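Report on the structure given below.
None of the figures in this text is laboratory data; all of them are computed from the coordinates on show. What you are looking at is a predicted structure, and each value in this text was computed from that prediction instead of being measured. Cβ placement follows ideal geometry from the backbone for every residue including glycine, while neighbour counts extend to all protein chains displayed.
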Amino acid sequence: MATLKEIQEAEVEELPVRTRVEAFFKGTDAIRLFAEEVMIPVLQGQLRLNDHERAVTGTYYRMYLYVQSLVKLNSRIHFQAAASAARTTFELLLDLKLLAEDTADSMPMTEKFHAFTEMDRFRVATQVVEYKNANPGSKIEDVHQRSLATKQGKQEAIDLLARKNWGNTKAGKPQKPKHWSGFNVKERAVRFGSKYEELYIESYPLLSWSVHAGPGSYAGLDENEIELCFGLSHSISQRCFLEATAITAEIMRINHAVEGFNDILESLRLVPGRVIVKEQARIIDEERIKNSSKENKP
């Protein structure tokens, strides 16, 4: 049987790429199962959520669904979808961390979170109506959008909402940011420290190449490198979803209701490592048996 010293000295890079990627996949599946069996039932059973709790649980549900998709797409041919999921789970984690800054006495992030939805839907509705007005022959159906965009007093209400949450531009017009927080992705990452900034600098461009048009996601990559990208996406999604689970559990008071909650999360974090160690031990044992057979040959 492989010794601890032998396993510690074994090089992870010597394992087949498929084996390493499979370890990350099993980690994703383990986290998904925990969320499915523990987190989601408890969250669904909570009634009369306030605005802050609705923002937190809604964000967590989105992340959970992405993790569900990652488990379903268990093949390297889905590396683009996996990268897209990882990018979004990273952004959603940053959203959760922003929401977690709110307190019972002050909830500016929660107010912005909900205000942005109303403001942005109005923006899109207005955009559709303006296009239809400029192109009356267009087959675009704008009944619902027109109802919203032309509602009496709605424009003024939206401008007031924007000023309240994000202030004015230098020109004195209501500030209408692209993200509800008013920060871009890099600013949000930097806000929470070097760990998140480094993830943004190192991996966010790679993930973004799989979202946007162009050859960036695949040009010059061989099968193994594409599979490694698939594994990286799983790794990032796991880390983000695990932290999101801890944040959500704290806000929704689940961590105090489930015995050993933090120990469970730590165990889930270590799943890929345990899979790799088990595989290394198997290879060492097989090699030992093989060498022993050679020595015993007459």
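Residue by residue, here is whether (1) of a type in the set (Ser, Thr, Tyr); (2) touching a strand residue (DSSP E or B) at 6+ places or on another chain (Cβ under 8 Å); (3) farther than 19 Å from LYS112 by Cα holds:
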{"site": "ARG32", "(1), (2), (3)": "no, no, yes"}
{"site": "VAL38", "(1), (2), (3)": "no, no, yes"}
{"site": "PRO41", "(1), (2), (3)": "no, no, yes"}
{"site": "GLU53", "(1), (2), (3)": "no, no, no"}
{"site": "THR59", "(1), (2), (3)": "yes, no, no"}
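Every residue in the range 139-177 that is more than 27 Å from SER106 (Cα to Cα) and touching a helix residue (DSSP H, G or I) at 6+ places or on another chain (Cβ under 6 Å), please.
ILE140, ASP142, GLN145, ARG146, LEU148, ALA149 - these are the residues of the range 139-177 that are more than 27 Å from SER106 (Cα to Cα) and touching a helix residue (DSSP H, G or I) at 6+ places or on another chain (Cβ under 6 Å).
HIS212 versus (1) assigned to a loop (DSSP other than H, G, I, E, B); (2) under 30 Å from LEU160 (Cβ atoms); (3) of a type outside the set (Val, Ile, Thr): which is the lone unmet condition?
(2)
Condition check ((1) in contact with a His (Cβ under 7 Å, 6 or more places away or on another chain); (2) crowded, with 19+ Cβ neighbours inside 10 Å; (3) in a helix (DSSP H, G or I)) across all residues:
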{"position": "ALA189", "(1), (2), (3)": "no, yes, yes"}
{"position": "LYS195", "(1), (2), (3)": "no, no, yes"}
{"position": "GLU198", "(1), (2), (3)": "no, no, yes"}
{"position": "GLU202", "(1), (2), (3)": "no, no, yes"}
{"position": "LEU206", "(1), (2), (3)": "no, no, yes"}
{"position": "GLY216", "(1), (2), (3)": "no, no, no"}
{"position": "GLY220", "(1), (2), (3)": "no, no, no"}
{"position": "GLU225", "(1), (2), (3)": "no, no, yes"}
{"position": "SER233", "(1), (2), (3)": "no, yes, yes"}
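Return the pair list, or none, for Cβ contacts closer than 6 Å from residues in the range 134-145 that are surrounded by 10 or more Cβ atoms within 10 Å (Cβ to Cβ) to residues that are part of a loop (DSSP other than H, G, I, E, B) and of a type in the set (A, V, I, L, M), at least 6 apart or on different chains.
Every condition considered, no pair remains.
Going by the conditions given, is THR110 among the β-branched types (Val, Ile, Thr) and within 29 Å of LEU49 (Cβ to Cβ)?
Taking the combined requirement at face value, the residue satisfies it.
When the range 67-95 is examined, which residues are found to be buried (at least 23 other Cβ atoms within 10 Å of the Cβ) and among the hydroxyl-bearing types (Ser, Thr, Tyr)?
THR89 - this is the single residue of the range 67-95 that is buried (at least 23 other Cβ atoms within 10 Å of the Cβ) and among the hydroxyl-bearing types (Ser, Thr, Tyr).
Restricting attention to the range 243-267, report how many residues are among the hydrophobic types (A, V, I, L, M, F, W, C), assigned to a helix (DSSP H, G or I) and surrounded by fewer than 20 Cβ atoms within 10 Å (Cβ to Cβ).
Within the range 243-267, residues that are among the hydrophobic types (A, V, I, L, M, F, W, C), assigned to a helix (DSSP H, G or I) and surrounded by fewer than 20 Cβ atoms within 10 Å (Cβ to Cβ) number 6.
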